[in-house]
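**Q** Quick one: this structure, given as structure tokens, is what I'll be asking you about.
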Amino acid sequence: LFVSHCTEIGLYTMALISTVVAAFRMKDLKYDSKERAKLEENLIGISQLGLFMYGVFSMVAGSIEGNTARGAFTIVTSCLMMTQAALQTIFLFAAMRMSARKEQSTKPGREFVTFLLLCNFCMWVVNTFETIRPEHNSVQISIYGEDAWAIFVHISVPLAIFYRFHSTVCLSHIWKYAWKAKGEFR
């Protein structure tokens, strides 16, 4: 449990920092408020609900658990997960509307988008193979019960998995197109 939570905390922290730095480095790109990626935005928004549901229910369970290491790790992991996802979603919505004013030889922020791509892939792996395991959710199971938590996990975790997968797709789109002048690709 300790190793699992520390791994997640590390991933969320690195992704959170990368999101902020990428946004800062990309601030000079042209933002087109008319550019719409409505399908991507809707898919990200809906799938993020699953991530937030899982986070809120986990935080409540961690709070009820009291002053224990398990409860504290559950709360910290859930807070970081939701904060990182919220900032990343804002970044995705903005960055999908960005393009270079003219062809650039330097691509500021691209390395952080690449790192975010890798982080989201790793978080997708964690959500797919770790989050659904009962050992990972011992605090939540002790509070909600095994059956109730199993039902909840089977509703929220697929949405969280899709959020990470689709974020990776959106980040790859940003990686490919954000540093090209608009006329070159659209």
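The values are calculated or read from the model by the stated rules, or taken from the named source; none is laboratory data. Only a predicted model underlies this, so the values are computations on that prediction, with no experimental measurement involved. Here Cβ is always computed from backbone atoms with ideal geometry, including for glycine, and neighbour counts include all displayed protein chains.
**Q** Which numbered condition trips up G10, out of (1) surrounded by fewer than 16 Cβ atoms within 10 Å (Cβ to Cβ); (2) touching a residue at least 40 places away in the same chain (Cβ under 8 Å)?
**A** Result: G10 fails condition (2) only.
**Q** What is the one condition in (1) more than 18 Å from M81 (Cα to Cα); (2) under 14 Å from the mean Cα position of the chain (by Cα) that E103 does not satisfy?
**A** Against the list (1) more than 18 Å from M81 (Cα to Cα); (2) under 14 Å from the mean Cα position of the chain (by Cα), E103 comes up short only on (2).
**Q** Something else: Anything in the range 140-168 that is among the small types (G, A, S) and under 22 Å from the mean Cα position of the chain (by Cα)? List them, or say none.
**A** Across the range 140-168, the qualifying residues are S156, A160, S167.
**Q** Shifting gears a bit: Inspect the range 105-123 for any residue being of a type in the set (S, T, N, Q) and loosely packed, with under 15 Cβ neighbours inside 10 Å and give the result as yes or no.
**A** yes
**Q** Any idea which residue in the range 30-45 is nearest to A160 (Cα to Cα), counting only those that are of a type in the set (D, E, K, R) and exposed (fewer than 15 other Cβ atoms within 10 Å of the Cβ)?
**A** Among those that are of a type in the set (D, E, K, R) and exposed (fewer than 15 other Cβ atoms within 10 Å of the Cβ), it is K38.
**Q** Inside the range 21-43, can you point out the residues that are modelled with pLDDT of 85 or more and either in contact with a His (Cβ under 9 Å, 6 or more places away or on another chain) or within 13 Å of V113 (Cα to Cα) (or both)?
**A** V21, A22, A23, F24, R25, M26, E40, L43
**Q** Just checking, how many residues over the range 92-117 are within 29 Å of E8 (Cα to Cα) and either in contact with a Ser or Thr (Cβ under 9 Å, 6 or more places away or on another chain) or among the acidic types (D, E) (or both)?
**A** Of the residues in the range 92-117, 7 are within 29 Å of E8 (Cα to Cα) and either in contact with a Ser or Thr (Cβ under 9 Å, 6 or more places away or on another chain) or among the acidic types (D, E) (or both).
**Q** Name the residues in the range 131-166 that are of a type in the set (G, A, S) and either in contact with a Ser or Thr (Cβ under 8 Å, 6 or more places away or on another chain) or without any contact (Cβ under 8 Å) to a residue 60 or more places away in the chain (or both), would you?
**A** Selection gives G145, A148, A150, A160.
**Q** Moving to a separate point now. Could you tell me how many of the residues in the range 87-100 are surrounded by 20 or more Cβ atoms within 10 Å (Cβ to Cβ), assigned to a helix (DSSP H, G or I) and aliphatic (A, V, I, L, M)?
**A** 2
**Q** Could you tell me which of the residues E135, E103 is modelled with pLDDT under 90 and either among the β-branched types (V, I, T) or assigned to a loop (DSSP other than H, G, I, E, B) (or both)?
**A** So the residue among E135, E103 that is modelled with pLDDT under 90 and either among the β-branched types (V, I, T) or assigned to a loop (DSSP other than H, G, I, E, B) (or both) is E103.
**Q** Answer yes if at least one residue in the range 48-58 is out of contact with any helix residue (DSSP H, G or I) (no Cβ under 6 Å at 6 or more places or on another chain), modelled with pLDDT of 95 or more, surrounded by fewer than 16 Cβ atoms within 10 Å (Cβ to Cβ) and under 30 Å from A178 (Cβ atoms), and no otherwise.
**A** There is at least one residue in the range 48-58 that is out of contact with any helix residue (DSSP H, G or I) (no Cβ under 6 Å at 6 or more places or on another chain), modelled with pLDDT of 95 or more, surrounded by fewer than 16 Cβ atoms within 10 Å (Cβ to Cβ) and under 30 Å from A178 (Cβ atoms).
**Q** In the list R70, R101, which residue meets the criterion of being more than 17 Å from S172 (Cα to Cα), touching a Lys or Arg at 6+ places or on another chain (Cβ under 9 Å) and in contact (Cβ under 8 Å) with a residue 40 or more places away in the chain?
**A** Result of the check over R70, R101: R101.
**Q** Pick from the range 170-186 the residues that are assigned to a helix (DSSP H, G or I) and free of Cβ contacts under 8 Å to residues at least 40 places away in the same chain: which of them is farthest from the chain's Cα centre (by Cα)?
**A** Result: G183.
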